Structures are given as C-alpha cells and as structure tokens.
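Please read the structure below before turning to the comments.
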Amino acid sequence: MGAPRRLRKKYEKPSMMWDRQRIQEEHELVKKYGLRNLRELWKASTELRRIRRNVKELFSGKASEEKGKQIISRLAKYGIVRSDANLDDLLVLSQEAFLERRLQTVVFKKGLAKSIKQARQLITHGFIAINGRKVNRPSYMVRPDEEKGISYYKPFNIEHNVLSSPHRSAPSNEPSEGNEAGSEAGPIAEGEGEAA
C-alpha cells in the first residue's frame, strides 16, 4: 500500500482576517488575475513571506551565502527577478510578481484568450499546451524559456461565437411535428395501452 504522504497546507491565512483595507486589496487582485478564491492569492503571499524570512536570516548571518544564491537562481529561473539581482531586490518583491508568472496570466497577455476568466477556462478544459505538452493547471509557474512555446493544444477559434453560429437555431415555442400542443405525452405505441 505504501506510506501515505503527509498533506500540508500550502498557504497561511492572514493574521487579521477582518481588516477592511486588506480585504479590498485582495479582492482587487483576485479580480485582476482571475483567481478562483483567496486561497490562490494566499499561496503567493505565503511564498513571498517565506522568501523574505530567508533573506532576513541571510542578513542576520544565520544562513550561508550559498542559500541566498540558491533563492535568487530559483526566482530567476521563473522570471520573477533578474539573474543579476541582489538580496535587497528580494525584499521589495510583491504578490503581483508571482501572479504575473502564472500560466493563466501569461495566456491572457499573449492574446490566446479574450479575458482572464476565459484563459482559466481554456487551461482547465485542456486547450492550452506548453511545447506540445498539455497543461491544465492555471497556477502553473511559467519559465521565460517556456513562454514562447505556449499555444493551443486542440484547434480552437477564439473568435467563434456559439450563439450566433449558423448551425444553431433559436429555440421556439411552437410544437414540433411529433408532439401536438395539447398533448403532454407522445403518441402511444401499439399494444402499450391495451390490457391482455
């Protein structure tokens, strides 16, 4: 059966849950980046908090200089900071730096979707691929070298409007040929209504 993995939360809730200003700022970010709920935003803020905590340990001398280089190289790999950034640049990072590198945001900015919500829908329904490999996670962090490989996985016309399609007709209130206006049920087949 194997050892069960230990499931941990990937986010921390804010310490002051009912702060009006923070709630308004969070809802604006959720709307701007098309996030499903606040947990997705809290994951980015938790990652940012963890990076700041590690940088402060480096400044205090508790951690080695090698750890700082590892942090910078990992963030540079995802395009969040430049490769020549220093530790001071990590302290001024914001949540938006992480949210800009999500696949959902990159798909919208590349013009593969008309809105940020449509970008999320296309990703979850399997229409988006990176270098020919289907990715269905809107929170996937896109590396700069992968960005030019983002395309449609299935043929998809973004300009096609389903409601105005010539093959689709508007619903009518007129009765169909087999169903008269006064009858609730369809015609009775032979032998169904008769007793034996």
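Values in this text are rule-based calculations from the coordinates and carry no lab data. On a predicted model such as this, the values are computed, not experimentally measured, just so you know. All Cβ positions, glycine included, derive from the backbone under ideal geometry; neighbour counts span all protein chains shown.
Sorting Ser64, Ser151 by the number of Cβ atoms found within 10 Å of their own Cβ, with the fewest placed first, yields Ser64, Ser151. Highest mean first, the peptides 16-27, 44-55, 87-98, 119-130 sorted by other C-beta atoms within 10 Å per residue fall in the order 119-130, 44-55, 87-98, 16-27.
What FRET efficiency comes out for the pair Glu65/Met141, r = Cβ-Cβ distance, R0 = 25 Å, nearest 0.05?
Values: r = 25 Å, r/R0 = 1.02.
After rounding, the FRET efficiency stands at 0.45.
Could you put Ile116, Ile72 in order, starting from the residue whose Cβ has the fewest other Cβ atoms within 10 Å? Mind showing how you got there, number by number?
Numbers: Ile116 18, Ile72 22.
With the sparsest Cβ surroundings first, the list reads Ile116, Ile72.
Of all lysines in the structure, the ones whose alpha carbon falls short of 28 Å from that of Lys56, not counting any fewer than 8 places away in one chain, are Lys9, Lys10, Lys13, Lys43, Lys67, Lys69, Lys77.
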